[in-house]
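Shown next, in structure tokens, is the structure this report addresses.
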Amino acid sequence: MLQQICMVMLALSSFSALQISYLNALRFGLKRIFFGGFFIRGHAYTMDTISFAVQFWSKGEMQAMFLRHEGFLGALGAFMSYEKHGLDDLMVHQLVERFPMGAPYTGGKIHGPPLGDLNEKISWMQKFVLKGTEITAPVPMAPPGTTGLGGFEVPSSKGGTLRSDASALNIGVLHLVPTLEVFPLLADLKTYEPNTIDLSDHNELEYWFTVLSDHMPDLVDKAVASEGGTDDAKRRGDAFARAFSAHLARLMEEPAAYGKLGLANLLELREECLREFHFVDVYRTIKQRENEASLAVLPDLLMELDSMTEETRLLTLIEGVLAANIFDWGSRACVELYHKGTIIEIYRMSRNKMQRPWRVDDFDLFKERMLGSGDKKPLPHKRALLFVDNSGADIVLGMLPLARELLRRGTEVVLVANSLPALNDVTAMEVPEIVAEAAKHCDILRRAAEAGGLLVDAMITNSDGAKENSSSVPLMVVANGCGSPCIDLRQVSSELAAAAMEADLIILEGMGRSLHTNFNARFKCDALKLAMVKNQRLAEKLIQGNIYDCVCRYEPAS
């Protein structure tokens, strides 16, 4: 009796849902009605009831269709409509797309030959298609002559082969990273686009692919050397080169294969490939060597700066940041310089070429804000976020002296560095050690580092034996949540987002963070963008200049 009642209730529910569907289909002249959902999925009685009713009401002119993977389509539709429903501000920034190659790397070793092309990769999407062709459960085919008594048959395909276009299904995998947040100081999140260069231009795309391809042999050599040059490292280096080349070839043929493509995405893809083949920090040894060489001459630079007037010192500091930014292993022109002299010789040569006006020169506006002018008094900033770029001279002789000047003026300083290695970029894990070494030669840096917790053991001990901060102006370090030479400010670490809440000055330094990305970004607070332009094509397209032109772009709060 109970079973009969349940069957009647099930039939009534089915009829109610499908009558609405049938009337809408009739209104718009549709001949096929697609049904899906947990109430229908895999329930033969429900599907047969719907098939019979549609056939009966339409007198055979309409047909009920059932989706085999409607759950996937529903999830895809929900993801694509996030902006329509206002969910883009809630969670989309926490979704990061990764592009693993599925390389034969297990147990710390590569088994078998390195990947030749993307057809050798088995992605989660291919597995999904394969599983779909292996289904053996009854699936309604709804033939026109159904009587409501069955009408089901088993698909003949057993999944012996993948689709002929399976290689086109190699796509990224979305990972939820709860610790990522939107940078709170963006003036308008809706209009923010990090990438400055438009890779939808085929010529632009081809140029950057050529740059990355030409740089690959040197990168592989350094990757192998960073792992001791072992046979295993050589195999992994070869596998990385093949994998990244395969990605480039795919994107050259189909730029939208991984979604909207920007230079930041392209550079991040390269770093992902290195990490996938367990190359943790390719430039580790080089960075250490350059840090040591730069720290050796820092005391002399600080003495020189302290002997200057306030106005001269500020200009010299900005020149120093621009000159030191020349040390970039991602630039072919700069790599060629390394063979012509020592770090200090190159730095001095770069300093001597600092001739104003620069290609983009807003220094006078920045000076007026910092030092005042006429009746205008200087207005110290409360907190400054300094997005640092390269190791060695870049941070030691460029950004640290600038940070020191801001600390001297009573501004809290937060050094923002990469969470993961990328080329010779300094990481947040490396910055405290660099600061500790620099603090040995400077009381301002030492007191600020103590106040910021970077030199806990060096904190001053009071008469009662308790440790206390020796300065109320701290120097701090945070990770940006990124592992690329560029930065997308829609996806930064929670730590950086928290530090930004009280900041009223942003300094973006380096080509990746202030030119390749964020050159056009606008902020709620003052922003200074500094970079030595080391790419001829970028100089010509972006600022109509020449290689080694300088960018000093100051933008008051929006």
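Put a dot 7 Å past the Cα of ALA296, heading toward its Cβ, do the same for LYS382, and the two dots end up 4.4 nm apart.
Binning every alpha carbon pair distance of segment 181-273 at 10 Å from zero, what are the percents per bin? In whole percents, the pair-distance histogram is 14, 39, 26, 17, 3, 0. Net length available on complete extension from SER58 to ASP198 is 45.2 nm, with 0.36 nm assigned per residue and the Cα-Cα distance removed.
For the listed residue pairs LYS287/LYS382; LYS222/LYS260; LYS367/LYS529, the alpha carbons are over 25 angstrom apart in LYS287/LYS382; LYS222/LYS260.
Treating r as the C-beta distance of MET429 and ALA225 and R0 as 22 Å, the FRET efficiency rounds to 0.55.
Each of the peptides 226-234, 245-253, 259-267, 414-422 was scored by the mean count of other Cβ atoms within 10 Å over its residues; in descending order, highest first, they stand as 414-422, 259-267, 245-253, 226-234.
Packing order of peptides 280-287, 298-305, highest average first: 280-287, 298-305 (average count of other Cβ atoms within 10 Å over each peptide's residues).
Each value in this text was obtained by applying a stated rule to the coordinates, not by laboratory testing. Since the structure is predicted, the reported quantities are computational estimates derived from the model, not experimental observations. Cβ sites come from the backbone with ideal geometry, for glycine too, and all protein chains shown count toward neighbours.
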